[in-house]
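**Q** Got a structure for you, questions after.
What follows is calculated from the coordinates using simple rules that are stated; it is not laboratory data. The structure displayed is predicted, hence computed values, not measured ones. Counting neighbours? That spans all protein chains shown, and the Cβs are built from the backbone with ideal geometry, glycine included.
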Amino acid sequence: MPVCWLNGSFVAEQDAQVSIFDRGLLFGDGVYEVAAVLNGTLLDADRHLVRLGRSLAAIGIPNTQPAAAWLGVMQQLATDNGVREGLVYLQVTRGVAERDFPFPAHVTPTMFAYARPKLLRADPNASGVRLLTVPDMRWNRCDIKSTSMLAQVLAKQAARAGGAFEAMMHEDGLVTEGGSSNLWIVNDGVVQTRPLSSDILAGITRDVVLELAHAAGVPVRERAFTVAQAKAADECFMSSATSFILPVTTIDHDAVRAGAPGAITQRLRAAYLERADRLTQ
Ligand code: PMP
């Protein structure tokens, strides 16, 4: 029986309960993180916890649990649930209070986490995925990893209904990011992604891809690109903690070049896996 962690205790998932007055439920007033587990070990959890601290600070929720304690909880969830390859999800909400929009005076954050198995190394999507373009309908602080995600729910539902794996969100044709991923193109050997700003999430995988590209001598340009440029690019790929790097071979109904994974995309995915193995073995 899967075990989760809720407010300091490990409990069976089916017994974990949160109040209907939790502000995460009422307002989406919370933040979250998702870290990969490979070889039974957390990958880059330290970086995810730094970002958690930033998200919490940005919306004024006290960070009551030190990173070392989170690491212990996350690793124990992976181990106790037998997750060798998969993910750990964690969420912090502002807590439980009478429904009123401003911050409650006295409130204790709600914290929980759980683990799930997922194929990462042998991800069947590594042969290439299709993206569907949708207008980005989100707010102005997409750098906060908030659980308020109705726009992404609708974007990713539109993608799925259209037979696509992920949404390519754009503002008047300028690509922001995927529904739950960062997006990249490659032209003439140069890798390009949108620069960090409040328009996108600072993906942990994005950071690692930048580091791997630098280490491999692959030039990188942090500049926004359009949907049209993505469709006409030599290569396109997406990155996220639980998909690593996946080739994008179709956008809407247009094949990206030959409709096959690009060479640099495959090289970066291999480098990502190599690093991930090294850090988790
Ligand atoms: N952008 C958005 C909107 C996301 O939800 C995610 C996944 N959390 C990402 C980018 C990728 O971030 P990471 O590499 O940290 O998973």
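**Q** Any chance you could give the angle, 0 to 90 degrees and rounded to 10, that helix 67-80 forms with the longest Cα principal axis of the chain?
**A** 80 degrees
**Q** Among 188, 123, rank each residue by its count of other Cβ atoms within 10 Å, from fewest to most, as a rough exposure measure.
**A** Fewest to most other Cβ atoms nearby, the residues stand as 188, 123.
**Q** Quote the convex hull volume per residue of segment 129-280, based on C-alpha atoms, as a whole number of Å³.
**A** Per residue, the Cα convex hull of segment 129-280 comes to 104 Å³.
**Q** Specify the angular offset, from 0 to 90 degrees and rounded to the nearest 10, of the alpha carbon long axis of helix 204-215 from the longest principal axis of the alpha carbons in the chain.
**A** So the inclination is approximately 40 degrees.
**Q** With 10 angstrom as the radius, rank 25, 201 by how many other C-beta atoms surround their C-beta, starting from the fewest.
**A** Neighbour counts put them in this order, fewest first: 25, 201.
**Q** How about segment 91-199: which GluC sites (Glu not before Pro) there are in a DSSP loop, with at most 15 other Cβ atoms within 10 Å of their Cβ?
**A** Loop-located and lightly packed - 98.
**Q** Add +1 for every Lys or Arg and -1 for every Asp or Glu among the other residues with Cβ under 13 Å from the Cβ of residue 279, and state the total.
**A** -2
**Q** Quick one: angle between helix 150-161 and the longest Cα principal axis of the chain, in degrees between 0 and 90, rounded to 10, please.
**A** 50 degrees
**Q** Looking only at trypsin sites (Lys or Arg not before Pro) in DSSP loops with at most 11 other Cβ atoms within 10 Å, what is the longest site-free stretch of the chain?
**A** Between exposed loop sites, the widest span is 100-222.
**Q** Taking the Cα centre as origin and putting +1 on Lys and Arg beta-carbons and -1 on Asp and Glu beta-carbons, what dipole magnitude results for the chain, to the nearest 20 debye?
**A** Computed charge dipole of the chain: roughly 200 debye.
**Q** Turning to a different aspect of this structure: Less than 13 Å Cβ to Cβ from residue 168, Lys/Arg counted +1 and Asp/Glu -1: what total charge do the surrounding residues give?
**A** After counting each charged neighbour, the total is -2.
**Q** Counting each DSSP H run of 4 or more residues in the chain as -39500 (n - 2.57), what helix-only mean residue ellipticity at 222 nm follows after dividing by all residues, to the nearest 500 deg cm²/dmol?
**A** Calculated from helices alone, the mean residue ellipticity at 222 nm is -9000 deg cm²/dmol.
**Q** Continuing with the same structure: Any number yet on Rg/Rh for segment 64-196, C-alpha, Kirkwood?
**A** For segment 64-196, the value is 1.03.
**Q** Send over the per residue convex hull volume for segment 45-95, Cα only, as a whole number of Å³.
**A** Enclosed volume per residue, from the Cα hull, is 81 Å³.
**Q** Kirkwood-based Rg over Rh for segment 1-139 (C-alpha set), two decimals?
**A** Ratio of gyration radius to Kirkwood radius for segment 1-139: 1.01.
**Q** Over segment 210-268, one equal point on each Cα, no solvent: what is log10 I(q)/I(0) by the Debye formula at q = 0.15, 0.26, 0.30 Å⁻¹?
**A** -0.47, -1.23, -1.32
**Q** Would you report the distance distribution of C-alpha pairs in segment 72-137 as whole percents per 5 angstrom bin, up to the bin with the largest distance?
**A** It works out to 4, 13, 14, 10, 11, 15, 14, 11, 6, 2, 0, in whole percents.
**Q** Determine the gain in length on full extension of the stretch residue 254-residue 198; use 0.36 nm per residue of separation and subtract their C-alpha separation, reporting nm with one decimal.
**A** Value of the extension gain: 17.2 nm.
**Q** Still on this model: Using +1 at the C-beta of Lys and Arg and -1 at the C-beta of Asp and Glu, which of 266, 72, 97 has the Cα lying farthest in the positive direction of the dipole of the chain?
**A** Positive-end residue among those listed: 266.
**Q** If you don't mind, there's one more thing I want to ask. Any idea how far apart residue 63 and residue 41 come out in nm if each label point goes 7 Å out from Cα toward Cβ?
**A** According to this spin-label approximation, the distance is 2.4 nm.
**Q** Oh, and also: For a bin width of 10 Å, list the pair-distance distribution of segment 150-209 built from all Cα-Cα distances, rounded to whole %.
**A** 21, 49, 27, 3
**Q** Continuing with the same structure: Can you give me the convex hull volume of the Cα atoms of the chain, divided per residue and expressed in Å³?
**A** 129 Å³
**Q** Take residue 222, project a point 7 Å from its Cα along the Cβ direction, then tell me which residues of segment 166-200 have their backbone nitrogen under 13 Å from it.
**A** In segment 166-200, the label zone of residue 222 (backbone N under 13 Å from the point 7 Å along Cα→Cβ) covers 192-200.
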